[in-house]
Structures are given as C-alpha cells and as structure tokens.
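Here's the structure we're looking at; comments come further down.
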Amino acid sequence: QVQLVESGGGLVQAGGSLRLSCAASGRTCSSYSMGWFRQAPGKEREFVVGISGSTGIKYYADSVKGRFTISRDNAKNTVYLQMNSLKPEDTAVYYCARRLSPYDSRRTFDYDYWGQGTQVTVSS
C-alpha cells in the first residue's frame, strides 16, 4: 500500500509562484513513475507533468511547459512541483499520483495511487 500526501497549495496572485510537495509512504520505489494532475471545477482531471521512473525524463502538458518543473528526492520519497508565472487558469485542485510501473503515462487510469489533493487558487 502507498500513501501520498500533497501540501503547499494556497492562494497566490497571477505571476506568483508556489511549490507543491507530495510525500510518499508505504510501498515506495524510486523506479515508479510519478505524475501531477489537476482538476478545475466542472472539468475533467487533466495531466500536468510527469517523471518517468525508468529514465527520469520529465514531460509536461503544453499549457505549463516553461513555467512548471517537476523534481523528485528519492531519499525523502518526495516529489515536488515548482509552479512559476502562475495564471488564473491554473486554479484547480492538484493531485499527485504514482504508477506501479517505470514507464510514463499521461492517462489518469494508468496511475494506481492518488493523494487527496491540494487547492491552488490564482487571483487575477
């Protein structure tokens, strides 16, 4: 069993920055792929950024490329999402997820464990 706990969300003005953390406990392995997703009110959950467990390659949704950065600290079993130049359209609940596979994916149904989510609100 794996538990994922996100933190770091909050209210920020447009153009500001936030750093989200996702701490994993339980069955952890650095070769598992990790992802961040988000869900805005009335919209489907969408992929934001991921990191491949097998290669360490990071891949981003076009909407956040150049503004968001994912990183992981295997010693701390923690994944981070640095969000810069935030826009009002980035407002959503952000979820981290773990896939019990070293291969990357942008599809929600490929991920096996999810955190409870953390709210990010960007004011204009």
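Taking the stretch 74-104 only, how many residues are in a loop (DSSP other than H, G, I, E, B), out of contact with any Ser or Thr (no Cβ under 7 Å at 6 or more places or on another chain) and at negative phi?
2
Would you be able to tell me the number of residues in the stretch 74-93 that are open to solvent by 50 Å² or more (accessible area, probe 1.4 Å) and either without any contact (Cβ under 8 Å) to a residue 12 or more places away in the chain or more than 14 Å from residue 53 (Cβ to Cβ) (or both)?
The total comes to 8.
Report yes if residue 85 is more than 13 Å from the chain's Cα centre (by Cα) and either among the small types (Gly, Ala, Ser) or within 19 Å of residue 5 (Cα to Cα) (or both), otherwise no.
Yes.
Which of the residues belonging to the stretch 94-124 are open to solvent by 50 Å² or more (accessible area, probe 1.4 Å), among the aromatic types (Phe, Trp, Tyr) and within 12 Å of the chain's Cα centre (by Cα)?
Scanning the stretch 94-124 gives a single hit, 114.
Just give me the residues in the stretch 46-73 being open to solvent by less than 80 Å² (accessible area, probe 1.4 Å) and not in a strand (DSSP E or B), in sequence order.
52, 53, 54, 56, 61, 63, 64, 67, listed by residue number.
Output the number of the condition that residue 91 fails; it satisfies all remaining conditions of (1) hydroxyl-bearing (Ser, Thr, Tyr); (2) within 23 Å of residue 7 (Cβ to Cβ); (3) in contact with a Phe, Trp or Tyr (Cβ under 9 Å, 6 or more places away or on another chain).
(3)
So which residues in the stretch 62-78 are within 17 Å of residue 103 (Cα to Cα) and modelled with pLDDT of 95 or more?
70
Which one is nearest to residue 117 (Cα to Cα) among residues in the stretch 31-45 that are among the hydroxyl-bearing types (Ser, Thr, Tyr) and open to solvent by 10 Å² or more (accessible area, probe 1.4 Å)?
32
The values are calculated or read from the model by the stated rules, or taken from the named source; none is laboratory data. Everything numeric here is computed off the predicted structure, so don't read it as measured data. Using ideal geometry, Cβ is built from the backbone for each residue, glycine included, and neighbour counts are taken over all protein chains shown. The area values use the complete protein model at the heavy-atom level, side chains included, leaving out ligands, DNA and RNA. Shrake-Rupley method; radii C 1.70, N 1.55, O 1.52, S 1.80 Å.
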